[in-house]
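Student: Handing you this structure, nothing more for now.
The values are calculated or read from the model by the stated rules, or taken from the named source; none is laboratory data. Because the structure is predicted, anything quoted here is derived from the model rather than measured. Here the Cβ positions follow ideal geometry from the backbone for every residue, glycine too, while neighbour counts run over all protein chains shown.
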Amino acid sequence: MIGLFSYLVFFACIVLILGVMTLGLNLQWGYTGLFNAGVVGFYAIGAYAHAILVTAPQPSLIGNFGLPWIVGIAGAMATSALAAWIIGLATIRLRGDYLAIATFGIATTIQLVTLNWDSLTGGAQGLPAIPRPLSTWFGSPLGFNLFYLGLLIAVVGLVYWALERILRSPWGRVLKAIREDETAAIALGKSAQSFRLQAFVLGSTLMGLAGALYVSFIGFVSPFDFLPILTFQIWAMLIVGGSGNNRGALLGALAIWGIWAASGVLIAKLVPPAYAAQGGAIQVILIGLLLVTSLLFRPRGLIGEVPVVSRHADD
Amino acid sequence: MLAQSLADGILTGAIIALGAIGVSFGLQILKFANFAHSELLTWGAYLALVFVAFAGPGTPTAELSFGWQMMAAMLLAAVLTGGLAWLVDLLVFRRLRRTGAHPMSLVFAAFGAALIMRHVIVLIWGHGTHFYTRELQIAIEVLPGVRMLPDQIFILGLTIVIVVCLHLYLTYSRTGMAMRAMAESPSLARACGIEVESVIRWTWILSGGLAAMAGVFLGLTPQLHPEMGFSLLLALFAASILGGTGSLAGAVVGGLLVGLAENLSVYFIGSGYKTAMPFLVLLLVLFFRPQGLFGEKS
């Protein structure tokens, strides 16, 4: 029973971390119509920035400042925001698929940097022994995981509340206006470029936050945590859950990761170890099928966008 | 050394060009960035492997490491992959077009299709590498300081033949003309009595066939693995956008430039970043000349 319980706690933590990323993507795509296909790149920047800031100094590495946890989190968000701002300045004027291709390339490049810049990122070996917040207070791993789950619930709650507030503000309405009809928004005197850039930076900052939360939970970071497939999984979460709806984004993270984890357990039980690669393939195929069938049969997602009509519409 | 890098770059570039033609067709005629296109390369390579497993690669002919059976396998794989591309369109993309979904839904569906296609390969053939033939080859000195394998020379020659045939097809055949008309303006093409669905079908079949040949060439130099296509995806996009999506020549020149950039980058930024090179090229193009080298300003 304890085994199952601690697994569920671990699972919930991962879902919440992925949920933060999906919320960031929802701000970019669901509300603003920005096609970011490099989600994993910003996640990686946040993860490495945090790891480099908080890990205890080592002679062989440049970074590793041994700073407090909260500084690492703030630094991770600031670094991914800065990266998104620079990348955004160069790419935000691209439309649709071209932005997707460019951001996909950025994520590939970021992964190459994490793999090759050994003196900063530890190269293929990654950075081990990343301190976990207050971990000395807890005697057992389960105790720490429970604490971290509470922390994550608070963080996700805060992010969700803040997003709901700003998206219902005039600023959020401008984003939707740009998504629906950019020319009309410009005609109303809104600078579409500047709003798009703001949404891109803010969404990417959340992805960076998710990266920092992930490494300070796992205590280890390596380039192989940031493979392109993660981007596609996050997209599947948003599409299946319901793009344009923050609750949909969170539900999608739960649904997709739930199916991913459950199918993993099932395959481990049914498939002999010699065919582990094939078992893993089935897991990915399942996600692909979910994404495609969701697009075909339920394009809104599980809980899609709620239509908003101005209260002056009847006048 | 430099001459050798140039030669290697041209060879990589020729393979990228064959794949990039399909991506260009996707961007122009089907009007979406097909992230699943790279999986057609992989499928082409593995389908040829099935035939080679039955018939063998053939006795080495002339200096080549394979015989006519390999060529037959390639043609068969091209036809089957064309069919596969059409099947994916029937099952997924055509339905989305009909429901009038958001244009970007096609790209999301391509993400899904790519995941499925790539991992069905893993399911059938596993993660490991495969070879068409274990025949050893000795490089020939084609120019002073430039060595190439006979297979590589053969691939280059065959690529040129394929591109010339495709050029003639697009210029003179009815379907080719209809495809170009669709690229210009789908609504005008429809108004002229062009059957849009049939053009789209032939576009998929042609893209799939070309991708399969690129895949077989990749597999010949020297091996097959499930990520072989996916790892080229960025290069394919870079090549087709660099050339300007307006023309066949654009995709070919784009492919060659990306191949050269990749192989020459070793001199500037080290081999670890070689695969980021197409992306740098792409960023520069998108920034300074978004219509591509050969595209016209809209």
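Student: State all residues of the range A:174-190 that are among the basic types (Lys, Arg) and not in a helix (DSSP H, G or I); if no residue qualifies, say none.
Tutor: A:Lys190
Student: Among the numbered conditions (1) under 16 Å from the mean Cα position of the chain (by Cα); (2) within 14 Å of chain A (Cβ to nearest Cβ); (3) under 26 Å from A:Leu227 (Cβ atoms), tell me where B:Val266 comes up short.
Tutor: Of (1) under 16 Å from the mean Cα position of the chain (by Cα); (2) within 14 Å of chain A (Cβ to nearest Cβ); (3) under 26 Å from A:Leu227 (Cβ atoms), only one is false for B:Val266: (1).
Student: Of the residues A:Thr79, A:Thr91, A:Thr114, which single one is at pLDDT 80 or above, at the interface with chain B (Cβ under 10 Å from one of its Cβ atoms) and touching a helix residue (DSSP H, G or I) at 6+ places or on another chain (Cβ under 6 Å)?
Tutor: Unique residue meeting the criteria: A:Thr91.
Student: Take the residues in the range A:116-161 that are aromatic (Phe, Trp, Tyr) and part of a helix (DSSP H, G or I), then tell me which one is surrounded by the most Cβ atoms within 10 Å (Cβ to Cβ).
Tutor: A:Tyr148
Student: Looking only at the range A:148-178, which residues are within 25 Å of A:Leu4 (Cβ to Cβ) and in contact with a Phe, Trp or Tyr (Cβ under 6 Å, 6 or more places away or on another chain)?
Tutor: Residue satisfying the conditions is A:Tyr148 alone.
Student: Being β-branched (Val, Ile, Thr) and touching a Ser or Thr at 6+ places or on another chain (Cβ under 9 Å) is the filter; apply it to the range A:31-59 and report the residue that is surrounded by the fewest Cβ atoms within 10 Å (Cβ to Cβ).
Tutor: Restricting to residues being β-branched (Val, Ile, Thr) and touching a Ser or Thr at 6+ places or on another chain (Cβ under 9 Å), the top hit is A:Ile52.
Student: Sticking with this structure for a sec: So which residues in the range A:1-25 are over 15 Å from A:Tyr214 (Cβ atoms) and either β-branched (Val, Ile, Thr) or at pLDDT below 95 (or both), if there are any at all?
Tutor: A:Met1, A:Ile2, A:Gly3, A:Leu4, A:Phe5, A:Ser6, A:Tyr7, A:Leu8, A:Val9
Student: Quick check on the range B:108-118. Is at least one of its residues away from chain A (no Cβ under 14 Å) and in contact with a Pro (Cβ under 8 Å, 6 or more places away or on another chain)?
Tutor: no
Student: Could you grab me the full set of residues in the range B:161-182 that are surrounded by 12 or more Cβ atoms within 10 Å (Cβ to Cβ) and of a type in the set (A, V, I, L, M)?
Tutor: B:Ile162, B:Val163, B:Leu166, B:Leu170, B:Met177, B:Ala178, B:Met179, B:Ala181, B:Met182
Student: Sticking with this one: Out of (1) more than 12 Å from chain B (Cβ to nearest Cβ); (2) within 18 Å of the chain's Cα centre (by Cα), what's the single condition that is false for A:Ser119?
Tutor: Unmet condition: (2).
Student: Report, by residue number, each residue of the range B:244-280 that is assigned to a helix (DSSP H, G or I), modelled with pLDDT of 80 or more and polar (S, T, N, Q).
Tutor: The one that is assigned to a helix (DSSP H, G or I), modelled with pLDDT of 80 or more and polar (S, T, N, Q): B:Asn263.
Student: Anything in the range A:284-315 that is farther than 25 Å from B:Arg95 by Cβ and at pLDDT 90 or above? List them, or say none.
Tutor: none
Student: Check the range B:197-218 and report whether any residue there is closer than 28 Å to A:Ile229 by Cα and of a type in the set (D, E, K, R).
Tutor: Checking the range B:197-218: not a single residue is closer than 28 Å to A:Ile229 by Cα and of a type in the set (D, E, K, R).
Student: Further question: Can you confirm whether B:Gly229 is on the phi > 0 side of the Ramachandran plot, within 14 Å of chain A (Cβ to nearest Cβ) and buried (at least 21 other Cβ atoms within 10 Å of the Cβ)?
Tutor: no
Student: Moving on to the next point. What number of residues in the range A:183-200 are surrounded by fewer than 13 Cβ atoms within 10 Å (Cβ to Cβ) and aromatic (Phe, Trp, Tyr)?
Tutor: Matching residues across the range A:183-200 total 0.
Student: Among the listed residues A:Val306, A:Val265, A:Val240, identify the single one that is among the hydrophobic types (A, V, I, L, M, F, W, C) and surrounded by 13 or more Cβ atoms within 10 Å (Cβ to Cβ).
Tutor: Answer to the selection: A:Val240.
Student: Quick check: is even one residue across the range B:231-241 at pLDDT below 90, over 18 Å from the mean Cα position of the chain (by Cα) and β-branched (Val, Ile, Thr)?
Tutor: no
Student: Additional query: Taking only pairs six or more apart or across chains, which ones have beta-carbon atoms under 7 Å, a first residue in the range B:13-35 that is closer than 16 Å to B:Leu234 by Cβ, and a second residue that is among the β-branched types (Val, Ile, Thr) and not in a helix (DSSP H, G or I)?
Tutor: B:Ser24/B:Thr245; B:Leu27/B:Thr245
Student: Still on this structure: Looking only at the range B:22-39, how many residues end up being small (Gly, Ala, Ser) and either in a helix (DSSP H, G or I) or more than 11 Å from every other protein chain (Cβ to nearest Cβ) (or both)?
Tutor: Matching residues across the range B:22-39 total 4.
Student: Find the residue count for the range A:276-291, including only residues that are of a type outside the set (A, V, I, L, M, F, W, C) and within 8 Å of another protein chain (Cβ to nearest Cβ).
Tutor: Selection size over the range A:276-291: 3.
Student: Hey, any hits in the range A:125-133 for a residue that's within 13 Å of chain B (Cβ to nearest Cβ) and closer than 27 Å to B:Ser231 by Cβ?
Tutor: No: the range A:125-133 contains no residue that is within 13 Å of chain B (Cβ to nearest Cβ) and closer than 27 Å to B:Ser231 by Cβ.
Student: Go over the candidates B:Leu206, B:Leu210, B:Leu168, B:Leu188 one by one and state the one that is assigned to a helix (DSSP H, G or I) and farther than 20 Å from B:Gly82 by Cα.
Tutor: Exactly one of B:Leu206, B:Leu210, B:Leu168, B:Leu188 is assigned to a helix (DSSP H, G or I) and farther than 20 Å from B:Gly82 by Cα, namely B:Leu188.
Student: Quick one: in the range B:269-281, which of the residues that are hydroxyl-bearing (Ser, Thr, Tyr) and at the interface with chain A (Cβ under 7 Å from one of its Cβ atoms) is nearest to the chain's Cα centre (by Cα)?
Tutor: Looking at the filtered set, the residue picked out is B:Thr275.
Student: Need pairs with beta-carbon distance below 9 Å; first residue hydroxyl-bearing (Ser, Thr, Tyr) and within the range A:89-100, second part of a loop (DSSP other than H, G, I, E, B); sequence gap 6+ or separate chains.
Tutor: That search, which allows pairs on different chains as well, returns A:Tyr98/A:Phe35; A:Tyr98/B:Ala33; A:Tyr98/B:Pro290.
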